[in-house]
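Heads up, the thing below is written out as structure tokens.
No lab work stands behind these numbers, since they all come straight from the coordinates. Just so we're clear, the structure is a prediction, and the values are computed from it rather than from any experiment. A quick note on method: Cβ atoms are made from the backbone with ideal geometry, for glycine too, and the neighbour counts reach across all protein chains shown.
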Amino acid sequence: MIATAYAIPSVLVFLTAALLILVGAVGVLAMRNPVHSALSLIMTLFGVAVAFVAQSADFLAAVQVIVYAGAIVVLFLFVIMFLGVDRREDVRVEPLVGQRVFAGIGVVITVAGLITLLARSHWVTGAIAVSSSGRALSTGSGNVTQLGGAVFTTYLFAFEATAALLIIAVVGAVLLARRERAADAPGGDA
Amino acid sequence: MNVPAAWYLVLAAVLFGIGAFGLLTRRSALIMFMCIELMLNAVNLTFVTFSRTLSDIGGQAAVFFVMVVAAAEVTVGLGIVVSVFRRRASTSVDELSEMKG
């Protein structure tokens, strides 16, 4: 790598990730067809995966693509098609007067506050942690080893809790989406 | 040398802002869920950036758990959307006003 300033490849990777993330995120908001929004969401998720790889979080990048782009967005698309709501929503009407203006002001204040906090405080360059692993973050396949070590030792209880959470979520989803008996089913979709 | 962490943090802040704006302005429950995913991803990006900066694997472990919770949340949330759609034939959150006083 070039020792000067910032290496060109890492800057290019950052710009690519930023472009993917921001274009996709704006697409989610701006598209009127929910299917197009879901496809824009995939773009953002890939951008975040690129940013993960650039910061040597290889395992999370793989999980990001498999779980988010592969499972969650497919679930979104499945529900959109299942419900048949893939018709256009008119985003020009604004049922609550001034909602967008106030939302815009609130969001700008929040983001400006975050960036100011970032610029004025020094926690960005805080001390190197000695807590969890005690050694520097490794790259490549070492990342998987380290993350696995952390998840199965320090965070073992949380990991077991997520197993219970997933089971409960699956049971809950089945219960919620189950068709009621013919008594109050309004008919329609199968 | 990698790009400074602040670049990624600003990117994550902007992504969070876009997600929050969408959550506050869009009416379709499905799009609102997607905006929540955007905000969760912004937070994940922040976690990974700090994990790199501070050389602490705990940040990446937190992202791992955020992903699991996001998957569970989407599963239950979409179940609720399907169940509401059965009764109302609409995913607009404006229709859900029975609890209004």
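At a 10 Å Cβ-Cβ cut-off, how would you order A:Glu160, B:Glu95, B:Glu73, B:Glu37, fewest neighbours first? Spell out each step's value before the answer.
Details: A:Glu160 10, B:Glu95 14, B:Glu73 17, B:Glu37 22.
Going from least to most buried by this count: A:Glu160, B:Glu95, B:Glu73, B:Glu37.
Couplings 3J(HN,Hα) of segment A:29-46, computed from phi: 6, 7, 5, 8, 8, x, 5, 5, 4, 4, 5, 5, 4, 4, 4, 4, 5, 5 Hz, in residue order, whole Hz [Karplus 6.51 cos²θ - 1.76 cosθ + 1.60, θ = phi - 60°; x for Gly and Pro]. With a 10 Å cut-off around each Cβ of B:92-98, the average count of Cβ atoms from other chains is 1. Relative to its residue count, segment B:1-76 spans a Cα convex hull of 73 Å³ per residue.
Computed from label points 7 Å out along Cα-Cβ, the spacing between B:Ser97 and A:Leu19 is 4.5 nm. Farthest toward the positive end of the dipole of chain B, out of B:Ile18, B:Ala70, B:Met99, is the Cα of B:Met99, where the dipole comes from beta carbon charges about the Cα centre. Backbone phi angles across segment A:147-163, fed through the Karplus curve with coefficients 6.51, -1.76 and 1.60 (θ = phi - 60°), yield HN-Hα couplings of 5, x, x, 5, 5, 8, 10, 5, 10, 4, 5, 4, 5, 5, 5, 5, 4 Hz in residue order; Gly and Pro are listed as x. Overall dimensions of segment A:138-181, expressed as equivalent-ellipsoid semi-axes from the Cα gyration tensor (√(5λ), whole Å, largest first), are 35, 12, 4.
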